[in-house]
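Structure first, then comments.
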Amino acid sequence: MQPSYSRFFFRLLTLAPLLFSCSVHAAELTVNVTDAAGSPLPDAVVYAEPTGKAPVTAIATAAIEQKNRQFYPLVSVIQTGASVTFPNRDKVKHHVYSFSPAKTFELKLYSGIPSTPVIFDKAGTVVLGCNIHDQMLAFIRVVDTPYFALSDSTGKATISNLPNGPYTLKTWHYAQSNENTVAEKSLTIKADEQAAVKLDINTSALQKR
Amino acid sequence: MQFKSLQSRMAVIFLTLILAIQIAGFLAIKYSINKNSRAAVNEQLEIGERVFLNLLKQNGDSLSQGAKILASDYGFRQAIASVDYETILSALSNHQSRIGADIAMFESSATGNLTISGKVSHLEASPIVDKLIQDGQQNGYAQSFAIFNHQPYQLVAVPVKAPLTIGWIIMGFQIDDTLAQNLHKLSNLDVTFISRSNGSGWSSMASTLSMSLTEKLLDKASTSRLTEFSMGNADYGTRYVSIMEHGDESLVAILQRSIDEATAPYLVLQRNLLLLTILGALVFAFVIFYVSRRISQPITELADTARKLEEGNFAIRLSSTREDELGKLSRAFGSMVDAIASREQSITRLAYWDELTGLPNRASFLRELGIALQQAQDQHEHLSVLVMNLNHFKQINKVLGHTAADDLLKGVAQRLQSSIRQESDLVARLGGDEFALLLPKTSVENAMRVANMLLQKLETPISIADQSVDISMGIGVASYPQHASSQEKLLGNAEMAMHIAKAKQSGAVLFDPSFDISSQGNLSLASELRQAIAGNELALYVQPKIDLQSGKVSAVEALIRWKHPQKGLIFPDAFIPFAEQSGMIQLISLWMLAEAARVEVAWRQLGIEAPMAVNLSTRDLIDQDLPNKILALHDAAGLALGGITLEITESSMMDDPQRAQHTLERLSDMGLPLSIDDFGTGYSSLAYLKRLPVSELKIDKSFVLKMEEDESDRKIVRSTIDLGHNLNLKVVAEGIESRAVWDLLASMGCDFGQGYHISKPMPAADFPAWLQRWQEPQAA
Ligand SMILES: [Cu+2]
């Protein structure tokens, strides 16, 4: 399990030089996400939408594993149109579903990796569940931009290779008091930029892993 | 009931005690039952409340289970996701009927849309559902009660997750009769639900009670919350469980238990106990009665026995086999009765029997005499009493000793006993040497015959201690109806006659009223005699005593006559025994002595030398003052001592020989010549005779009168004369009635003589003339 997990990151890293090569004037945006009290907030989805037309880039794929009757990772962010695989690492079968309007689907009882990945072609939030195991829960935020990142345990999210230009910086968290709110911030990238976002969090909705 | 008796008193005390204990016990148990049954009712109500709350919880659980099943149904969630209300509603009603819920609702989180399956309007449901969901968001589950359209419901809300909450399912049971019945089945309690809402009054929703009782309960519960009250003739323990209370909406469950019903099994117990109590008291009463009877009956018996004892009935046998105190008492009482009986017997014997002779005693004789007298009076029969007294018993006693005297009395008793004619004749010892004989149906003549027969029988000497003792007795005879009609009087008369008989030495004497100095006739005799002494009616007679050899008058014997003014001359036989009896003899003796002294002095003046012999009686001899009186008498008359001599009969000395001897010695010392009269009739021993200071013996005339014909009399006279002479005494013979006897006596050496042949007694005054005549032939 450990090797395959590291391979996923490796693939993300191999993608980065490719992006850099496409834009000469590229910067890095670091966003510190905190809750209302100022505590660092992990698992926040930070994405920057260009004010103008979005550049066409290759859409990365993603995988959400089921292990120990849990989804990993809890929160995923993908670009609209991206396909996601659901590899089952458990010995038991799972029945993954979503009734979310952004993507309604179900993968009926299966083991291993389903032959066809699920393509998320509509921006929004997809809540994943398993019909067998009620406690299994995961979130996928489908965004219309290739520039996105997840905040780490220190609440820091870094979007790299961000071409200069005006953007709308949006931040979303699954445990926001109002789940449909998205924190928006306009900013223009000229060089490496720092930004801070404060979110109103319903702590009872925070998933503890 | 007689509370006076020990038995009933014991019974009453113990019965009262046991009844008090039983009643106290009964009341205590009754109180305890009451208390316990109430406590039991309370406990049942408490348990009922718990059961009820548990039942509500179970209902809630089953509601939430059902709701959760629906919430996790994939199709249902798909329907929600696809906002397909038709499908949602049908799924709700389907599930509602599956778990038997009365209401099922779904509220979508996304749209707030409320889908309802059941008879509830949106308007009513919405606020309650919203509030329920709000509660449920905390715990993921909510439960509450609500009143829809005046009907109470138990509601449960569970979330529908996909996997986040996408809506809430609300399911509910109506609180109705079914629930009440279920609770009744589980807890055996009566259950009534009452509620109020929107300012309306209390109304009952459901009840296990009848309609009318429910109405009554509603009345009571609306105003107060009493935990115990009665409805429809029964007491109910009541518990109020508030199910819901918010705002003006209330829902209360009233749990009830009939106290009477709870007490019912105890009542059976109580009735049995009462029955046992009564039965126990009866058994106890019976036992008490029996026991107290067992205790008191012997006491009653003892009391009866004591009463019989008091009446003198000793024929009582008390024997108890009881081992207890009463048995001991009974036995002790029995032996006491025996002891008293034997003592009474010996007292009776002492009282009525003479120990020495075994004859009835005086008291016994009097008693028998009384009975016989009564019979004689009733049958008009005669009855006689003999009283016998041994002659000279004192002397016999003295000479032979006490033991021999007792033996003699026994011998006499036997002789008398063997002499009686028939069974009805009764011999008794009156005391000392005095005996009595009761002769029923016996006339005076026959009684005298019996008396003489007895005298004859007693002529045979009695043998005691190898000696033969001659005995004689004086017998007095008195008869009914001639002499007395009471037993004391009759016996007294016989005794009087006996004294006369002894005094006169005349064997048997029949009572004569003259004997009785206390009788009316004798009282007048006594006063007449006293009058005679004082009034000089007594006369001194004399009989000359001559020298048988020379024929000269040597002396005279003084004799007494009573010249009664009406009756004429009375001989001493007619009044001397009475004078001896009454003690008047001493006056007569003194008169005689005084008269003799006066006559003697007169004769001396005439030149007549004839000492006068005066007879002394027993009473005179025991008078210690007699010598002084005689001395004074001589002085008064001016007579020298020797002018008067004294004659004493043998028997007169025998009553008190010692005293008599003492008196005689003093008289003799004074110089008075003494002679023994009637010698040969008494029992004086020669030794006694020898000691007496006498100078003369007078042979009794009974020997002299027949001495001419009777050889033995002649021998007695001769030996008496010899005896007298040997004792240095002069001998005088009385009763000389012929010259032949005179000559015979003279030839025998007899010194003096007197008798009719010489002269009859004559008045003292005639003596000088007689002496003149007597001396003439002598002189011639
Ligand atoms: Cu699963």
What 222 nm value per residue comes from the helices of chain B, counting each DSSP H run with n ≥ 4 as -39,500 (n - 2.57) and dividing by all residues, nearest 500 deg cm²/dmol?
-> -18000 deg cm²/dmol
For the stretch A:124-161 the residues that are at least 50 Å² less accessible with all protein chains than alone, 1.4 Å probe, are A:Asn131
Mean separation of Cα pairs under 8 Å and 6+ residues apart, divided by the residue count of chain B: what relative contact order is that in percent?
-> 7 percent
Threshold 20 Å², the stretch B:61-105 residues less accessible with all protein chains present than alone (1.4 Å probe) | B:Tyr74, B:Arg77, B:Gln78, B:Ala81
Treating the beta-carbon of each Lys and Arg as +1 and of each Asp and Glu as -1, no other charges, what is the dipole magnitude of the stretch B:312-351 about its Cα centre, to the nearest 20 debye?
-> 160 debye
Could you work out the mean projected area of the convex hull around the alpha carbons of the stretch B:312-351, in square nanometres to one decimal?
-> 2.7 nm²
Leaving out ligands, DNA and RNA, what percent of the accessible area of the stretch B:538-773 is carbon and sulfur, probe 1.4 Å?
-> 50 percent
Rolling a 1.4 angstrom probe over the protein heavy atoms, how many square angstrom per residue are accessible across the stretch B:69-179?
-> 44 Å²
Would you compute the Debye intensity of the stretch B:381-516 from its alpha-carbon atoms alone, equal scatterers and no solvent, and pass along log10 I(q)/I(0) at q = 0.11, 0.12, 0.18 Å⁻¹ to two decimals?
-> -0.36, -0.43, -0.93
Cβ under 15 Å from B:Ser197's Cβ, B:Ser197 left aside: what net charge do those residues give with Lys, Arg +1 and Asp, Glu -1?
-> -3
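Summing both sides, how much accessible area is buried between A and B? Use a 1.4 Å probe and give Å² to the nearest 100.
The contact between B and A buries close to 900 Å².
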Accessible surface of the stretch B:381-516, 1.4 Å probe, proportion on carbon and sulfur as whole % | 48 percent
Note, B:Ala428: beta-carbon cut-off 11 Å, +1 each Lys/Arg, -1 each Asp/Glu, net -1
Net lengthening on full extension, B:Phe289/B:Gln137 (0.36 nm per residue, minus Cα-Cα) | 46.1 nm
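For the stretch B:312-351, with every protein chain kept in place, what is the accessible area per residue (1.4 Å probe, Å²)?
Per residue, the stretch B:312-351 has an accessible area of 70 Å².
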How many Å² of accessible area per residue for the stretch B:381-516, probe 1.4 Å?
-> 43 Å²
Calculate the mean, over all residues of peptide B:154-167, of how many other protein chain Cβ atoms lie within 10 angstrom of the residue's Cβ.
-> 3
How many angstrom separate the Cα center of the stretch B:113-176 from the Cα center of the stretch B:24-68?
-> 31 Å
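Rounded to the nearest 20 debye, what is the charge dipole size of the protein assembly as shown about its Cα centre when +1 sits on each Lys and Arg Cβ and -1 on each Asp and Glu Cβ?
I would put it at about 5480 debye.
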Take the alpha-carbon centre of the stretch A:131-209, take the same for the stretch B:588-658, and report the distance between them in whole Å.
-> 196 Å
Restricting the stretch B:356-425 to GluC sites (Glu not before Pro) in coil, as DSSP defines it, with at most 11 other Cβ within 10 Å = B:Glu423
Across the residues of B:604-612, average count of Cβ atoms on other protein chains within 10 Å?
-> 0
Determine the equivalent ellipsoid of chain B by diagonalising the alpha-carbon gyration tensor, then write out the semi-axes as square roots of 5 times the eigenvalues, largest first, rounded to whole Å.
-> 156, 24, 20
Over the stretch B:122-209, relative contact order from alpha-carbon pairs under 8 Å, at least 6 apart, % | 19 percent
Taking 20 Å² as the minimum loss, tell me which residues in the stretch A:75-105 lose that much accessible area going from the chain by itself to the full protein complex (1.4 Å probe).
-> A:Tyr97, A:Phe99
Debye log10 I(q)/I(0) at q = 0.15, 0.17 Å⁻¹ for chain A, Cα point scatterers = -1.00, -1.26
What share of the DSSP beta bridges in the stretch B:451-592 is antiparallel, in percent to the nearest 5?
-> 85 percent
Would you mind calculating the gained length between B:Ser342 and B:Glu537 on full extension (0.36 nm times residue separation, minus the Cα-Cα distance), in nm to one decimal?
-> 63.8 nm
Dividing the convex hull volume of the Cα atoms of the stretch B:493-610 by its residue count, what figure in Å³ per residue is obtained?
-> 123 Å³
Place +1 on the Cβ of every Lys and Arg and -1 on the Cβ of every Asp and Glu in the protein assembly as shown, take the dipole about the Cα centre, and give the residue among B:Ala253, B:Ala478, A:Thr34 whose Cα lies farthest towards its positive end.
-> A:Thr34
Spatial separation of Cα centroids for the stretch B:237-277 and the stretch B:73-95, in angstrom | 48 Å
Can you run phi through the Karplus equation (6.51, -1.76, 1.60; θ = phi - 60°) for the stretch B:226-241 and list ³J(HN,Hα) in whole Hz, with x for Gly and Pro?
-> 5, 8, 8, 7, 10, 9, x, 6, 9, 8, 10, x, 10, 9, 9, 10
Please give the FRET efficiency for B:Leu350 paired with B:Arg773, using the beta carbon to beta carbon distance and R0 = 60 Å, rounded to the nearest 0.05.
-> 0.30
Can you spot the aspartates and glutamates whose alpha carbon is less than 17 Å from B:Lys629's alpha carbon? Ignore those fewer than 8 places along the same chain.
-> B:Glu595, B:Asp620, B:Glu647, B:Glu665, B:Asp669
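Nearest-5 percent of antiparallel DSSP beta bridges in the stretch A:64-144?
75 percent
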For chain B, size of Cβ-based charge dipole, Lys and Arg +1, Asp and Glu -1, in debye | 1620 debye
Folded to 0 to 90 degrees: helix B:739-748 orientation relative to chain B principal axis, Cα = 80 degrees
How many percent of the accessible area of the stretch A:64-144 is carbon or sulfur, using a 1.4 Å probe?
-> 51 percent
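Suppose only helical runs count, i.e. DSSP H with n ≥ 4. What mean residue ellipticity at 222 nm does that imply for chain A under -39500 (n - 2.57) per run, divided by all residues and rounded to the nearest 500 deg cm²/dmol?
Mean residue ellipticity at 222 nm (helix-derived): -3500 deg cm²/dmol.
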Over 31 Å between Cα atoms, which of B:Lys35/B:Lys57; A:Lys185/A:Lys208; A:Lys93/B:Lys57 qualify?
-> B:Lys35/B:Lys57; A:Lys93/B:Lys57
Return the tail of the calculated pair distribution for the protein assembly as shown, meaning the percent of Cα-Cα pairs more than 51 Å apart.
-> 64 percent
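The values are calculated or read from the model by the stated rules, or taken from the named source; none is laboratory data. Please read these numbers as outputs of a predicted model, since none were measured by experiment. Backbone-built Cβ (ideal geometry, glycine too); neighbour counts: all protein chains shown. Quick note on the areas: whole protein, heavy atoms, side chains included, nothing else; ligands and nucleic acids left out. Shrake-Rupley method; radii C 1.70, N 1.55, O 1.52, S 1.80 Å.
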